[in-house]
Amino acid sequence: MRRMTEQRQGERLRRCRTEYARLKARLREVGFIYEGSLVERWVRCGKPNCACASDRASRHGPYFQLSWKEKGKTVSRRLPPEHAALYRQWVANRQRLRSMIQAMQYVSRKARRHLLRTEKSEKVAPKPGDIASSRR
Ligand SMILES: [Zn+2]
């Protein structure tokens, strides 16, 4: 019975490794990143006779604003419209990167449970990469 359990653990650990390898491969595809966010604004100009004064759909824009954190404070600056596409892409890349890292952490937690539970089993002996980086 114990042996069955170990086999199942080993199978789960293998699945973790496969999933982790898949995430690493995706990670490699991520392009440049930008740490911040891009806000698209539609504004009223303030002229009382302008359509924007009463109609939301007639507001002016879009104007692009870039925000990021600097020493705990949010900093923003207006962006030339022609730069918006690049920043949108880079911000999205960073979001993807973050969600991948979260997924990697999740898979790592699962793998750790399997590894520690079955560390005496030869079938699921840790591979060099599993623990090598914890020592220098
Ligand atoms: Zn206006």
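Laboratory data are not the source of any read-out in this text; all were calculated from the coordinates shown. Being a predicted model, the structure only gives us computed values, none of them experimental. FYI the Cβ positions are ideal-geometry reconstructions off the backbone, even for glycines, and counts take in every protein chain you see.
Quick notes on this structure:
- Test: Pro48 is loosely packed, with under 13 Cβ neighbours inside 10 Å, within 16 Å of the ligand (Cβ to nearest atom) and not β-branched (Val, Ile, Thr): yes
- Residue ranges of strands (runs of 3 or more DSSP E) in region 10-120 with at least 2 members in contact (Cβ under 8 Å) with a residue 40 or more places away in the chain: 37-43
- Looking across region 56-88, just one residue is hydroxyl-bearing (Ser, Thr, Tyr), more than 16 Å from the ligand (Cβ to nearest atom) and out of contact with any Leu (no Cβ under 9 Å at 6 or more places or on another chain), and that is Thr74.
- In region 19-42, the residue that is nearest to the ligand (Cβ to nearest atom) out of those that are under 24 Å from Lys69 (Cβ atoms), of a type outside the set (Lys, Arg) and more than 15 Å from the chain's Cα centre (by Cα) is Glu40.
- Flag if Ala25 is aliphatic (A, V, I, L, M) and loosely packed, with under 12 Cβ neighbours inside 10 Å: yes
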